[in-house]
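Enquirer: The following block contains the structure, expressed as structure tokens.
The values are calculated or read from the model by the stated rules, or taken from the named source; none is laboratory data. Predicted model only: the values in this text are computed from it and were never measured. Note that each Cβ is placed from the backbone with ideal geometry, even for glycine, and that neighbours are counted across all protein chains shown.
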């Protein structure tokens, strides 16, 4: 009987089965509890396992339940602890634990994508690309007593996220509970993770002398937009080198200085044909990539590729509950954001498996994250009623090769047409609507009838 029910879901919603199978492995209690024990410094386990909190919050950030309270109601009997105990645990999750969950769950997902051949084509030969961007969590509700007399927006924290663009995974996060802190205050932690042979790409907010020198000292390279405040000295004059669709390219060699140490870097400038939305006419980029191997046009293309991080944030914001406004405590807000990134990674892994079966180009160009998430959200709760949680544990027991084979079989059953993006025609300029203060309301039926009679 169970086999027939399971096969029904495999046939009608293989993507939901893929996501649930991945969740079973990623959120395996023994893995999550180990991460907690290794990274928590003050919080500890009494009656409520950390894996239970992760399971509950994963259902909230994935949109399966509309709120923490609703998820608790659904899980109350199973968890066998009070609502207060749940919130106390949630509000105390330390940021190193939250970051470790993202970092350590990304490792097996990356291995799976590489094993099935779902990676995007290599971006630059000889380098592992790392894209770095910041994210400020939105203001929360004023539910905390300390916030009730304050009208200003309450910011629960900031983070820097590292993306691997070839795997399309968020692989690391650096979090700060101070919503007013500078992103640059986290650079020292970022530099501890930098490895030789990596190429770091970032926007101008990441452009400081200390960070550029730190990347160089670690054996890494960089493509980072120039910040106006960074001092440099010209070594060669600016010369025209190429033209691209968006403008003309110029280049020069300049020198950066840090505590008596000097660094020669390339300064590539794209003078735009059309100003940006911020009315900027040019983009200047620092890099140490060799001129003989990497042209100025490739440097600007690499920099513009950092938008994949912005697309990541857009996907997480639009499709997942990454910033739960009722979670005012910074630790809880950052924890939910990290779990939303893990949910994004699971979706990215599904895309990678689909790419291994249907082709990378087809998946990257045409598949809609929105429709995929909508499919899972609409199916998940019914699927978990029809198939009890204990029956999914088999996915955690499969060997990696066997699990990959099962996912690819499910991917072959996916009807891609159901998840294709809808391309929109270019927007036409419209005249502003007319407003008659003497007639603030109109009858839609009368207008339709009049339009029908018109020749």
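Enquirer: Among what's in the stretch 408-417 and is in a helix (DSSP H, G or I) and without any contact (Cβ under 8 Å) to a residue 12 or more places away in the chain, pick the residue that is surrounded by the most Cβ atoms within 10 Å (Cβ to Cβ).
Expert: Ranking the qualifying residues of the stretch 408-417, first place goes to 409.
Enquirer: Take the residues in the stretch 153-199 that are over 23 Å from residue 98 (Cα atoms) and more than 17 Å from the chain's Cα centre (by Cα), then tell me which one is surrounded by the fewest Cβ atoms within 10 Å (Cβ to Cβ).
Expert: Result: 196.
Enquirer: Give the stretch 174-199 a look and list any residue that's modelled with pLDDT of 95 or more, in contact with a helix residue (DSSP H, G or I) (Cβ under 6 Å, 6 or more places away or on another chain) and part of a strand (DSSP E or B), or say none.
Expert: 174
Enquirer: Just one of (1) assigned to a loop (DSSP other than H, G, I, E, B); (2) within 23 Å of residue 305 (Cα to Cα); (3) more than 24 Å from the chain's Cα centre (by Cα) trips up residue 252, so point out which.
Expert: Among (1) assigned to a loop (DSSP other than H, G, I, E, B); (2) within 23 Å of residue 305 (Cα to Cα); (3) more than 24 Å from the chain's Cα centre (by Cα), the lone unmet condition for residue 252 is (1).
Enquirer: Okay, moving on. Here is a check on your reading of the model: is residue 352 without any contact (Cβ under 8 Å) to a residue 40 or more places away in the chain, under 23 Å from residue 165 (Cα atoms) and under 23 Å from the mean Cα position of the chain (by Cα)?
Expert: no
Condition check ((1) surrounded by 10 or more Cβ atoms within 10 Å (Cβ to Cβ); (2) more than 30 Å from residue 139 (Cβ to Cβ)) across all residues:
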site	(1), (2)
342	yes, no
347	yes, no
372	yes, no
375	yes, yes
391	yes, yes
399	no, yes
403	yes, yes
406	yes, yes
430	no, yes
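Enquirer: Of all residues being touching a residue at least 40 places away in the same chain (Cβ under 8 Å) and loosely packed, with under 15 Cβ neighbours inside 10 Å in the stretch 255-271, which is farthest from the chain's Cα centre (by Cα)? Just the residue, please.
Expert: 261
Enquirer: Among the residues of the stretch 119-165, count how many are under 20 Å from residue 219 (Cα atoms) and without any contact (Cβ under 8 Å) to a residue 12 or more places away in the chain.
Expert: 1
Enquirer: Restricting attention to the stretch 200-241, which residues are in contact (Cβ under 8 Å) with a residue 40 or more places away in the chain and either surrounded by fewer than 13 Cβ atoms within 10 Å (Cβ to Cβ) or in a helix (DSSP H, G or I) (or both)?
Expert: Listed by number, the residues that qualify are 205, 206, 209, 210, 212, 213, 216.
Enquirer: Here is a further query. Name the single residue that is surrounded by the fewest Cβ atoms within 10 Å (Cβ to Cβ) among those in the stretch 290-333 being in contact with a helix residue (DSSP H, G or I) (Cβ under 6 Å, 6 or more places away or on another chain) and under 17 Å from residue 369 (Cβ atoms).
Expert: My answer is 315.
Enquirer: Just for helices (runs of 4 or more DSSP H) wholly inside the stretch 334-404: which have at least 1 residues that are in contact with a helix residue (DSSP H, G or I) (Cβ under 7 Å, 6 or more places away or on another chain) and closer than 20 Å to residue 57 by Cβ?
Expert: 369-386, 394-397
Enquirer: Only one of these conditions is not met by residue 389: (1) free of Cβ contacts under 8 Å to residues at least 12 places away in the same chain; (2) more than 30 Å from the chain's Cα centre (by Cα). Which number is it?
Expert: Only one criterion in (1) free of Cβ contacts under 8 Å to residues at least 12 places away in the same chain; (2) more than 30 Å from the chain's Cα centre (by Cα) is unmet by residue 389, namely (2).
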